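Following: one structure in structure tokens, then a few remarks.
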Ligand code: SF4
């Protein structure tokens with residue numbers, strides 16, 4: 001359960017005009033989160049504001065006075081999906097249930113938000129840089145953090161996300177993030193370490209360092225490897241995401257291999273195996289450089305797992321480009337890949353590009369890449385059968401009575417027992433699928 005903690009509040013008069021909901025009108029709030037870990041993290045911050053304002057959190061729209069939709073803009077149908085929720089909320093409002101609606105996150109920062117606000121009578125629209133304005137809206141004193149990284153991370157008894165940077169200095173052709181989250185801003189090392197200290201002193205076992213390009217973090221001559229090393233000296237278990245191949249130093253890979261507290265899993269998005277496509281996407285590296293990084297990872301991190309992101313069907317992608325991606329998949333032996341069919345995002349360069357790939361071709365290429373990744377993952381996962389693993393329990397009680405955990409190599413494991421989240425169990429791996437390992441009864 002999340003502990004209740006006050007965030008630092010600078011008390012000064014509200015500067016952006018009285019837009020707050022009438023005091024006392026709001027007693028309950030429901031936050032619905034869409035998309036990535038950054039949004040999960042932002043929702044946790046807003047959750048703390050809601051609790052600090054004396055509202056109770058509820059899980060369903062019907063019992064909520066205030067509903068916050070914290071949105072993601074990555075998928076093509078994202079706005080349609082949010083429209084569906086807004087339609088439902090308006091109906092509930094007419095029935096006298098929901099009183100206020102807030103739209104936050106990436107769609108809140110996008111052009112479409114003005115039209116949505118008008119059409120659905122949304123009470124508060126916030127982007128990704130001014131979530132603090134929710135505080136004012138729900139009757140707290142104005143909070144004026146200069147930028148989001150300075151806010152503390154998520155408190156959980158067992159695991160926490162700690163944002164070390166926000167924004168992104170790249171301009172990938174298909175990505176809306178730089179437009180909605182702005183340029184990179186790094187949090188100071190002292191600030192991050194202080195937060196990690198506080199969390200681990202409070203019993204948090206697992207720290208995940210977060211950022212859109214987490215390995216681009218820097219501060220007066222110090223690079224991400226320096227920060228990671230320091231965090232790994234404090235926290236019992238550490239992971240980080242998402243990395244960019246152009247920023248990934250060999251030194252970081254060596255630290256992953258050497259540090260006993262870092263989970264041996266690297267998520268390094270490649271997007272394509274074709275140099276021509278990588279150039280068109282403005283990724284800033286060639287496929288050979290990516291392969292070299294993976295070689296270093298395999299050398300430095302024994303028993304490590306590797307995951308990536310791949311986009312199929314970016315405008316202009318030919319059969320040769322697709323073949324190059326399949327070759328790279330074969331060479332890198334990914335354990336997992338998040339494969340995306342290209343979908344144009346308004347406001348991105350790729351949305352305006354000619355030479356769209358027909359849907360049926362995209363679907364075929366998607367299945368070919370998926371099959372290649374899964375075959376390899378299954379083969380590698382089967383090699384784990386028979387090994388005894390120390391498993392960190394992330395979810396103790398699922399509907400099917402299994403606990404879900406993670407090995408130090410970063411494999412997801414199902415354990416046929418109830419176990420405390422945040423604890424470790426030792427168990428033998430008895431079978432394997434392409435996405436998960438299955439353990440026997442824990443030995444302890
Ligand atoms: S590096 Fe990542 S976040 Fe930045 S523009 Fe490219 S895809 Fe988007």
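FYI, it's all coordinate maths here, none of it is from the lab. Here the structure is a predicted model, which is why all the values come from computation and not from measurement. When we count neighbours, we look across all protein chains shown, and the Cβ atoms used for this are built from the backbone with ideal geometry, even at glycine.
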Legend entry - Förster radius 35 Å - calculated FRET efficiency between residue 169 and residue 119, Cβ distance, rounded to 0.05: 0.50
Inset, instruction - Quick one: work out the % antiparallel among DSSP beta bridges in the range 255-408, nearest 5. - result: 30 percent
Legend entry - Computed [θ] at 222 nm, helices only, for the chain once each DSSP H run of length n ≥ 4 contributes -39500 (n - 2.57): -10000 deg cm²/dmol
Legend entry - Debye intensity ratio I(q)/I(0), log10, the range 341-444, q values 0.11, 0.23, 0.24 Å⁻¹ (C-alpha model): -0.51, -1.09, -1.16
Inset, instruction - Just grab the label-to-label distance for residue 233 and residue 59, each label 7 Å out from Cα along the Cβ direction, in nm (one decimal). - result: 4.2 nm
Legend entry - Beta bridges by DSSP in the range 149-382, antiparallel share as percent, to the nearest 5: 15 percent
Legend entry - Percent RCO, i.e. relative contact order, over the range 388-439, from Cα pairs under 8 Å lying at least 6 residues apart: 37 percent
Legend entry - Modelled label reach - residue 188, point 7 Å along Cα→Cβ, the range 207-229 residues with backbone N closer than 12 Å: 220
Inset, instruction - Could you tell me what % of all Cα pairs in the chain have separations over 35 Å? - result: 34 percent
Inset, instruction - List, largest first, the extents of the alpha carbons of the range 149-382 along their principal axes, each in whole Å. - result: 54, 43, 32
Inset, instruction - Would you kindly state how much longer the chain becomes between residue 83 and residue 330 on full extension, computed as 0.36 nm times their sequence separation minus their alpha carbon distance, in nm to one decimal? - result: 84.9 nm
Inset, instruction - Using R₀ = 45 Å, calculate the FRET efficiency as 1/(1 + (r/R₀)^6) where r is the Cβ-Cβ separation of residue 349 and residue 370; round to 0.05. - result: 0.95
Inset, instruction - Take every Cα pair under 8 Å in the chain that's 6+ residues apart, average their separations, divide by the length, and report that relative contact order as a whole percent. - result: 10 percent
Inset, instruction - Please find the FRET efficiency linking residue 443 to residue 359, where r is the Cβ-Cβ separation and R0 is fixed at 45 Å, and quote it to the nearest 0.05. - result: 0.35
Inset, instruction - Sort all Cα-Cα distances of the range 28-137 into consecutive 10 angstrom bins from zero, then give the percent of pairs in each bin up to the one containing the longest distance. - result: 15, 52, 31, 1
Inset, instruction - Indicate the gyration tensor shape class of the range 388-439 (rounded, prolate or oblate), computed on the Cα atoms with a ≥ b ≥ c the square roots of the eigenvalues: a/c under 1.5 is rounded; otherwise a/b larger than b/c is prolate and the rest oblate. - result: oblate
Inset, instruction - Count the DSSP beta bridges whose two residues both fall in the chain, then state the antiparallel fraction as a percent rounded to the nearest 5. - result: 35 percent
Inset, instruction - Order these peptides, 356-366, 60-70, by their mean beta-carbon neighbour count within 10 angstrom, highest first. - result: 60-70, 356-366
Legend entry - All-pairs Cα distance distribution in the range 287-332, expressed in whole percent, bin size 10 Å: 23, 49, 23, 6
